[in-house]
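Notes to accompany the following structure.
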Amino acid sequence: MVLNLLLFKTSPMRKTKRCSKCRKRKPLEGFNRQSDKPDGLQSACRACNKANGKRYYRDNKAKFRARNKKRREGHIAWVNTLRDHPCMDCKGSFPTCVMEFDHREGEAKTAAVAKMVTDSYSKESILAEIQKCDLVCANCHRIRTHRRRRTLGYRPKAGQQTLNL
């Protein structure tokens, strides 16, 4: 029996499979993998799986949105606890809405932390991004950015006032 399944799974003669949903015979490449199936493939083709997924989302949209909102709110509360520390530059203590994560120079930035939170990235990936950052208040963040840009050769537009920081 096991040998038959192995031969069935790896047989070079078998090039197509019938979809359990649309009943059409399609090439094996048109099916997603599923290791617990005898042939190692899902019973429905990729196109039918995609249509089924879209239909399921449409029918359960409120549930999906509620779950995502709950996850996002949890992430926001969690990141706000991480922001509840003094500024690394001026040592001032401010509300969490004023504190920002500034990526250190030389660190590869994946994305802005705030964007990762609103896009519901995993806590592990958000924390990995935060570890590349310094926690500073909004004023110190603007000053840091101004200094960085000045050293990179950014020039103000004609008529713009410059800061001597």
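Taken together, the values in this text are just the output of simple stated rules run on the coordinates, not laboratory data. Treat the numbers as computed from the prediction; the structure is a model and nothing was measured. Neighbour counts run over all protein chains shown; Cβ positions are idealised from the backbone, glycine included.
Rounded, prolate or oblate: which fits segment 31-79 when a ≥ b ≥ c are the square roots of the eigenvalues of the alpha-carbon gyration tensor, with rounded for a/c under 1.5 and prolate only if a/b beats b/c? Here segment 31-79 falls in the oblate category. Among the listed pairs LYS91/LYS132; LYS69/LYS91; LYS70/LYS115; LYS61/LYS109; LYS21/LYS69, those whose Cα-Cα separation exceeds 25 Å are LYS69/LYS91; LYS61/LYS109; LYS21/LYS69. Within the same chain, lysines fewer than 8 places from LYS15 are excluded, and of the rest, those with a Cα less than 21 Å from its Cα are LYS24, LYS26, LYS37.
Put simply, when 52-64, 123-135 are sorted by average Cβ atoms within 10 angstrom per residue, most first, you get 123-135, 52-64. Simple spin-label estimate for ASP59 and LEU127 gives 3.8 nm between the two label positions (7 Å along the Cα-to-Cβ direction from each Cα).
A simple rule links phi to the HN-Hα coupling: the Karplus curve 6.51 cos²θ - 1.76 cosθ + 1.60 with θ = phi - 60°, which for segment 104-117 gives 5, 5, x, 8, 6, 7, 7, 6, 5, 4, 4, 5, 5, 5 Hz, with x for Gly and Pro.
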